[in-house]
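Q: The structure under discussion is supplied below as structure tokens; questions concerning it will follow.
The values are calculated or read from the model by the stated rules, or taken from the named source; none is laboratory data. Please read these numbers as outputs of a predicted model, since none were measured by experiment. Quick reminder, even Gly has a Cβ in these numbers, built from the backbone with ideal geometry, and neighbours come from all protein chains shown.
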Amino acid sequence: MSDDPSSPGSSPRPPPLYDPSILLQFSFKHICLFALFPPLISILGVLPIGYWLHRNELFDYLWLCRVVRLPSVSRVLNLPAERILWNFAVALHLPLRPLITLHYFRLCSPFGPLRVLFFVTSLADNIFLLGLSFVGEREDPLLHVCCFCAFLCLCFVHFVLHSLLFCRSPLRVLSLLALCFLVPLLTVSFSVHQLFCAGYSYELFVIGEYLTIASMFAFNCAILIEDSLKNESADGLAAPAATTSDVGCF
């Protein structure tokens, strides 16, 4: 007997027990918001909390060869209470990044060599952000520094690839130019402190670190504000009908 309900002699299929319905649906814009705002809110909240509750541990402390006067972001985020808040924000952020990267990966030309590099650098900086967050300078300073350097370089390369593959708004270009100046500044100032223990070299590194984080958030906020609304599609993560020159990337 044929299973085709239209064929003669076939038995009719029973009606479904229930009608499937969508209980919850997120647009692509919401995915970007959920990925961006937990770490942003966490940093904006953790820094003043750390300065208020643990001031003695953050200012005028011995770091390697001399007393430094400003705390790095890593030192603030690795304090016990502040670390819980930051790790919670990272746990909310990291699972969404591959979804956003995959969305823009599908918009690239399938034969473009930068497409794969764009995808790999995004996933790799995700991994090193995880290591940077969960391995603090108190547990393993060397591993923490290695994770920080790898994350910074991969994130910078990813931003450059994004600018090459997708449209470039003025705020994004300005943020990228700032990173072009800040990444070498961080490298030189940290190396001078480590090798020569020069005065105020670590303080210069800390100021550069604050500005670098602000530039990274500005880059992603510009993408969200200027591009996610016009690229949002009805089915959330489905690729919109647009060319790569008309879209942005997270």
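Q: Of all residues being over 16 Å from the mean Cα position of the chain (by Cα) and part of a helix (DSSP H, G or I) in the stretch 106-119, which is surrounded by the fewest Cβ atoms within 10 Å (Cβ to Cβ)? Just the residue, please. I'd like the intermediate steps shown before the answer.
A: First, pick out the residues of the stretch 106-119 that are over 16 Å from the mean Cα position of the chain (by Cα): 106-117.
Those left that are additionally part of a helix (DSSP H, G or I): 113-117.
Details: P113: 8, L114: 15, R115: 19, V116: 11, L117: 14.
Applying the filter and picking the extreme gives P113.
Q: I'm checking my understanding of the structure. Among residues of the stretch 18-41 that are more than 17 Å from A91 (Cα to Cα) and among the small types (G, A, S), which one is surrounded by the fewest Cβ atoms within 10 Å (Cβ to Cβ)?
A: Looking at residues that are more than 17 Å from A91 (Cα to Cα) and among the small types (G, A, S), I get S21.
Q: Of all residues in the stretch 96-114, which are among the charged types (D, E, K, R) and modelled with pLDDT of 90 or more?
A: R97
Q: OK, next. Filter the stretch 42-84 down to the residues that are surrounded by fewer than 13 Cβ atoms within 10 Å (Cβ to Cβ), part of a helix (DSSP H, G or I) and of a type in the set (A, V, I, L, M) and list them by number.
A: L44, A81, I84
A quick yes/no check of all residues on (1) in contact (Cβ under 8 Å) with a residue 12 or more places away in the chain; (2) touching a strand residue (DSSP E or B) at 6+ places or on another chain (Cβ under 8 Å); (3) among the small types (G, A, S):
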residue: P48; (1), (2), (3): no, no, no
residue: W52; (1), (2), (3): no, no, no
residue: L58; (1), (2), (3): yes, no, no
residue: P71; (1), (2), (3): yes, yes, no
residue: S74; (1), (2), (3): yes, no, yes
residue: L79; (1), (2), (3): yes, no, no
residue: L96; (1), (2), (3): yes, no, no
residue: R115; (1), (2), (3): yes, no, no
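Q: In this structure, is L96 in contact with a Cys (Cβ under 9 Å, 6 or more places away or on another chain) and outside any helix (DSSP H, G or I)?
A: For L96, the condition - in contact with a Cys (Cβ under 9 Å, 6 or more places away or on another chain) and outside any helix (DSSP H, G or I) - is not met.
Q: Count, please, the residues in the stretch 111-144 that happen to be more than 29 Å from R83 (Cα to Cα) and of a type in the set (A, V, I, L, M, F, W, C). Spell out how you get there, then give the answer.
A: Kept after step one, since they are more than 29 Å from R83 (Cα to Cα), are these residues of the stretch 111-144: 111-118.
Then drop every residue that is not of a type in the set (A, V, I, L, M, F, W, C), which leaves 111, 114, 116-118.
The total comes to 5.
Residue by residue, here is whether (1) charged (D, E, K, R); (2) over 18 Å from R97 (Cβ atoms); (3) modelled with pLDDT under 90 holds:
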{"residue": "L132", "(1), (2), (3)": "no, no, no"}
{"residue": "H144", "(1), (2), (3)": "no, yes, no"}
{"residue": "F166", "(1), (2), (3)": "no, no, yes"}
{"residue": "L174", "(1), (2), (3)": "no, yes, no"}
{"residue": "L186", "(1), (2), (3)": "no, yes, no"}
{"residue": "L237", "(1), (2), (3)": "no, no, yes"}
{"residue": "D246", "(1), (2), (3)": "yes, yes, yes"}
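Q: Can A89 be described as without any contact (Cβ under 8 Å) to a residue 60 or more places away in the chain, surrounded by 19 or more Cβ atoms within 10 Å (Cβ to Cβ), under 19 Å from L53 (Cβ atoms) and not polar (S, T, N, Q)?
A: yes
Q: Specify the residue that is surrounded by the fewest Cβ atoms within 10 Å (Cβ to Cβ); the eligible residues are those in the stretch 120-156 that are farther than 22 Å from V46 by Cβ and in contact with a Leu (Cβ under 8 Å, 6 or more places away or on another chain).
A: A124
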